[in-house]
Amino acid sequence: MIRLPGVHGLLGVHKGVAALLAALVFGAALVVSALPRMVESSLDAAARSAVGSAPPGTASLAVQFTRRPFDPRGMRTTKQVAKADTAWRALLPTALREVADPGRLYDFATSSPILIDDRAHRYMTLKWVSGAGRHVRYVKGGPPGRGSGTRVEVAVPAVAATEMSIRTGDTLRLGDLTVKVTGLFEPVRPADRFWALEPELTYVIHHRVPLAMDDDLIVTALADGDSLAGAELPILFRWLVTPAQERIGAGNAAAVLADTAEFGRRLGRQDLEVTLSTGLDRILAEYLQRLALTRALITVFLSGLAVVCLGTTALAVLLFAGRVRGDLLLMRARGASLARTMLTCGGAVALVAVPAAAAGQAAAGFVPGAPTAVARLGPAALAAGTIAIACAAALVRSGGRRSGNALRRIVLELLVLALAVASVHLLRTRGLGTGGLGTGGLGTGDAFLAPGPVLLALAAALVVLRAGPALIHLAFRAAARRSGAVPFLGLAAARAVPSAALPVLTLLPAVALAAYGMVTAGGLEEAQRQAAWERTGAEIRVERAEGIAPETLEQIAHAPGVRAVVPAAVGTTVAEVGFGGRPATVVAVDLGAYHRLVAGSPLRLPPPGSGALVSRDLSAAGSFDVGWPARTTVTPAGTVDAMPGVAAGDGALIVLPGAPAQVNTLLIAGDPEAVRPLLPSGANMTTVAGALAEITGAPLTAALTAALRVAAAALAAYALAAVAIALTGGAARRAEDLGLLRALGLTRRQAGLVTVLEAAPLLVLTAVAGLAAGLAMPALIGIDLSAYAGGCQGALSGGALLPALPGVVAGALAAGVAAVALAGAYWGGRRGHAG
């Protein structure tokens with residue numbers, strides 16, 4: 001009986017190639033499964049951060065109803081208000097009800113402040129809040145009681161007693177109402193969420209109307225609920241539904257957003273004319289947009305990893321198939337069917353690939369985060385693809401219809417080129433991650449758009465495959481005219497290299513996407529640093545609303561560790577232009593000293609000059625007056641778009657030259673720890689380091705940056721593996737050729753150089769083309785990543801300049817891959833086996 005080589009026999013003979021294949025499949029399964037988990041673990045944290053970092057009043061849903069005097073509709077008692085709260089909560093759609101905090105809070109207040117005793121600039125708002133008694137402590141007097149008719153009792157915040165000249169027992173006249181002050185209160189626990197939702201009960205509001213010289217002071221007082229509800233006053237009722245941030249995650253954010261809109265529609269169908277006021281929809285929409293972009297970017301690199309890993313694995317499988325070719329031919333010669341040989345080869349690869357893929361997926365389980373569909377199915381698909389390649393390799397026969405193959409190749413190449421051009425065009429016009437905001441994360445259009453960079457890299461690889469032989473032929477003709485034999489022999493061998501398509505189609509996308517990942521990650525870091533400086537305006541920024549005394553300025557300026565200090569004044573005023581004036585932010589600073597302070601930083605400041613700089617909306621005015629920091633006439637001498645650390649919002653911006661007389665801002669270069677002990681009470685200090693930590697510490701930003709670096713490292717590793725396997729695959733043929741040349745007098749050094757010249761042309765062309773494609777991708781596909789860069793607009797978008805340092809690092813990566821591969825080829829050629 002004739003024994004045929006079995007699966008275990010093939011693996012036993014070719015242990016080295018089997019181990020290489022197992023390592024490649026394990027690494028690919030680990031990365032493909034771990035990378036999505038790593039990102040997914042940050043998505044829920046990002047949702048909680050988005051909701052939790054917003055002011056509670058902004059993130060809450062406020063159902064509002066304004067009752068006019070003598071309105072026959074209800075809301076005349078606190079019981080009716082509580083009943084309405086239950087009715088509104090019953091209208092909550094399912095997803096919104098599931099995330100709503102069970103704690104109830106509703107209030108009502110006079111719709112506008114009322115003048116106190118006809119005294120100018122002194123106003124009071126009367127308010128009742130459910131459960132307020134549990135959150136206040138009376139430092140003098142007691143809670144308000146029930147009034148009668150036009151008489152109302154109130155309690156006033158203790159902080160307002162001195163500023164508003166109000167004392168316990170005072171009787172105040174508010175329009176037709178007589179108000180008696182029964183007590184002064186303060187918060188029991190100021191950090192409670194209650195006070196974030198009712199902040200006006202903790203301070204006196206300062207408000208200045210346009211063109212006024214003095215502030216209006218507004219105090220909010222607690223009144224008895226039934227007395228206030230029964231008064232014939234314009235009353236604004238408010239019922240708050242506060243989302244519990246720990247209940248909102250990536251999985252239900254889209255449903256909560258949709259239900260917020262549905263809740264508003266349901267309220268609109270009620271008999272009572274209520275409105276819904278909330279910022280939750282905007283918060284969730286911004287989060288979902290960033291979520292879709294994050295998932296789409298991860299899909300880009302997962303697509304590239306899949307192509308590169310599968311290509312490298314295919315090279316290893318073909319190397320294994322080449323090694324077992326003799327065994328398979330022996331099986332056929334001894335009567336085995338073609339299916340038997342295919343199953344033997346495929347079974348041998350399956351025994352290696354399936355356990356390796358399972359082990360990689362199991363190892364990825366230690367990465368925190370919920371497994372996604374890609375994380376669950378990716379390793380299995382990788383193992384199945386590896387086995388399919390092995391079976392196809394076993395079925396390959398020599399011969400065939402070349403013309404048909406050439407035609408199919410041309411059609412396939414044109415299809416890839418067309419898809420690449422179309423995807424790049426759509427990415428530039430539509431953007432990535434904008435195809436929809438479903439629960440799956442990627443929009444409907446992203447299934448085609450996300451692999452766009454991969455298609456672009458494959459198109460570049462096809463160009464190299466078409467143009468490479470012509471360039472190598474030109475180099476060969478130039479070498480043929482020279483007297484040296486080594487260049488001629490090396491380039492002649494390069495012309496005759498068979499089966500270069502798969503290595504190029506694997507190596508070029510690996511280099512391109514690795515370069516793109518490194519440029520993106522590095523560019524994000526530069527943009528984040530820029531945004532941190534823009535937020536603070538200096539290495540250290542100290543602000544104090546009450547002003548900074550000259551002696552404090554002197555102490556800080558002469559403190560050890562402080563290199564320089566520039567005083568400034570930043571405030572708001574009204575530019576007296578047109579009818580009613582124009583709200584404006586004023587910055588008074590010595591621009592020359594400011595330039596010297598931030599020299600070497602990424603800040604862009606307006607040039608110093610002798611006149612005032614104004615925003616473009618004020619530039620047409622010949623001159624105008626402002627009332628802050630002192631009443632003065634401003635004559636524009638130039639325009640300014642923005643100033644670092646200053647948020648002008650929708651108002652105008654005015655920059656006054658010279659050091660201000662009254663200082664409320666210090667711009668400092670030095671050690672923050674040297675400044676901190678010298679700060680007066682009420683001063684706020686921000687630093688570039690703190691702003692940068694806040695930007696980079698955002699869950700999605702940190703996860704995306706880490707994922708980009710992991711993907712770039714994995715792609716670089718598989719690029720090296722692909723080159724090594726490609727060189728090893730031709731080792732037997734190369735060793736035979738070099739053996740003949742060595743017999744004719746070729747030295748070891750010359751043999752190494754011949755091997756290098758054989759591998760170098762296509763390898764260098766591929767590496768250079770891959771690097772060029774990777775560096776061009778940010779400009780070509782135009783993805784704006786400003787959401788991850790602290791709002792630094794245009795970060796790595798189509799119009800952004802290529803970051804210098806990340807570009808150099810990406811170039812070093814491509815050069816390193818080529819250098820390591822050529823060094824291996826050289827030493828292999830010297831040793832004589834050339835592989």
Inset, instruction - Please find, among T125, T178, the residue that is in contact (Cβ under 8 Å) with a residue 12 or more places away in the chain, over 11 Å from A221 (Cβ atoms), surrounded by 13 or more Cβ atoms within 10 Å (Cβ to Cβ) and not hydrophobic (A, V, I, L, M, F, W, C). - result: T178
Legend entry - Residues of the range 344-371 satisfying the condition of being surrounded by 21 or more Cβ atoms within 10 Å (Cβ to Cβ) and under 13 Å from V32 (Cβ atoms): A356, A357, G360, Q361, A364
Legend entry - Where V463 falls short, out of the listed (1) modelled with pLDDT of 80 or more; (2) surrounded by 20 or more Cβ atoms within 10 Å (Cβ to Cβ): (2)
Legend entry - Checking L613 against (1) part of a strand (DSSP E or B); (2) within 33 Å of the chain's Cα centre (by Cα), the condition it does not meet: (2)
Inset, instruction - Determine, yes or no, whether V152 is farther than 15 Å from R137 by Cα and either surrounded by 18 or more Cβ atoms within 10 Å (Cβ to Cβ) or within 37 Å of the chain's Cα centre (by Cα) (or both). - result: yes
Legend entry - Criterion violated by G622 - all others in (1) over 25 Å from G600 (Cβ atoms); (2) surrounded by fewer than 19 Cβ atoms within 10 Å (Cβ to Cβ); (3) in contact with a Leu (Cβ under 8 Å, 6 or more places away or on another chain) satisfied: (3)
Inset, instruction - Hey, could you check the range 56-99 for residues that are aromatic (F, W, Y) and under 25 Å from S148 (Cα atoms) and say which is modelled with the highest pLDDT? - result: F65
Inset, instruction - Could you tell me whether the range 119-142 includes any residue that is more than 30 Å from F263 (Cβ to Cβ), touching a His at 6+ places or on another chain (Cβ under 9 Å) and assigned to a strand (DSSP E or B)? - result: yes
Legend entry - Filter result for R89 (in contact (Cβ under 8 Å) with a residue 24 or more places away in the chain, in a helix (DSSP H, G or I), closer than 27 Å to E273 by Cβ and among the basic types (K, R)): yes
Legend entry - From V300, V317, residue being crowded, with 23+ Cβ neighbours inside 10 Å and within 18 Å of I389 (Cα to Cα): V317
Legend entry - Matching option when the condition is in contact with a helix residue (DSSP H, G or I) (Cβ under 8 Å, 6 or more places away or on another chain), at pLDDT 80 or above, at negative phi and not acidic (D, E), among L427, L412, L437, L417: L417
Legend entry - Wholly enclosed strands (runs of 3 or more DSSP E) of the range 493-608 bearing at least 1 residues in contact (Cβ under 8 Å) with a residue 40 or more places away in the chain and touching a helix residue (DSSP H, G or I) at 6+ places or on another chain (Cβ under 6 Å): 540-543, 562-575
Inset, instruction - Sort through A719, A779, A772, A732 and tell me the only one that's modelled with pLDDT of 80 or more, surrounded by fewer than 18 Cβ atoms within 10 Å (Cβ to Cβ) and more than 19 Å from R295 (Cβ to Cβ). - result: A772
Legend entry - Any strands (runs of 3 or more DSSP E) falling wholly within the range 144-225 and containing at least 2 residues that are touching a Pro at 6+ places or on another chain (Cβ under 9 Å) and over 30 Å from T632 (Cα atoms): 151-157, 177-187, 216-223
Inset, instruction - Consider only pairs whose beta carbons are under 7 Å apart and that are at least six residues apart or on different chains; among these, list those whose first residue lies in the range 189-200 and is under 14 Å from T220 (Cα atoms) and whose second residue is among the β-branched types (V, I, T). - result: W195/T202; E198/V129; E200/T220
Inset, instruction - Could you please find all residues in the range 75-86 being in a helix (DSSP H, G or I) and touching a helix residue (DSSP H, G or I) at 6+ places or on another chain (Cβ under 6 Å)? - result: T78
Inset, instruction - State whether one or more residues within the range 651-663 are surrounded by fewer than 19 Cβ atoms within 10 Å (Cβ to Cβ) and over 27 Å from H558 (Cα atoms). - result: yes
Inset, instruction - Tell me which residues, restricted to the range 616-630, are touching a residue at least 24 places away in the same chain (Cβ under 8 Å) and not in a helix (DSSP H, G or I). - result: A621, F624, D625, V626, G627, W628, P629, A630
Inset, instruction - Check whether at least one residue in the range 266-276 is crowded, with 20+ Cβ neighbours inside 10 Å and in a helix (DSSP H, G or I), and report yes or no. - result: no
Inset, instruction - Looking for whichever is among the basic types (K, R), in contact with a strand residue (DSSP E or B) (Cβ under 6 Å, 6 or more places away or on another chain) and surrounded by fewer than 21 Cβ atoms within 10 Å (Cβ to Cβ) here; the options are R529, R563, R544. Which one fits? - result: R563
Inset, instruction - Can you tell me which residue within the range 218-254, out of those that are of a type in the set (A, V, I, L, M) and surrounded by fewer than 19 Cβ atoms within 10 Å (Cβ to Cβ), is modelled with the highest pLDDT? - result: L236
Inset, instruction - Test T260 against the stated conditions and say whether it is hydroxyl-bearing (S, T, Y) and assigned by TED's automatic domain parsing to the domain that holds T94. - result: no
Inset, instruction - Restricting attention to the range 33-73, report how many residues are in contact (Cβ under 8 Å) with a residue 24 or more places away in the chain, assigned to a loop (DSSP other than H, G, I, E, B) and surrounded by fewer than 16 Cβ atoms within 10 Å (Cβ to Cβ). - result: 5
Legend entry - Residue check for I410: in contact (Cβ under 8 Å) with a residue 12 or more places away in the chain and either in a helix (DSSP H, G or I) or not β-branched (V, I, T) (or both): no
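The values are calculated or read from the model by the stated rules, or taken from the named source; none is laboratory data. For clarity, every value in this text was computed on a predicted model and none was experimentally measured. Neighbour counts are summed over all protein chains in view; Cβ atoms, including those assigned to glycine, are modelled from backbone coordinates with ideal geometry.
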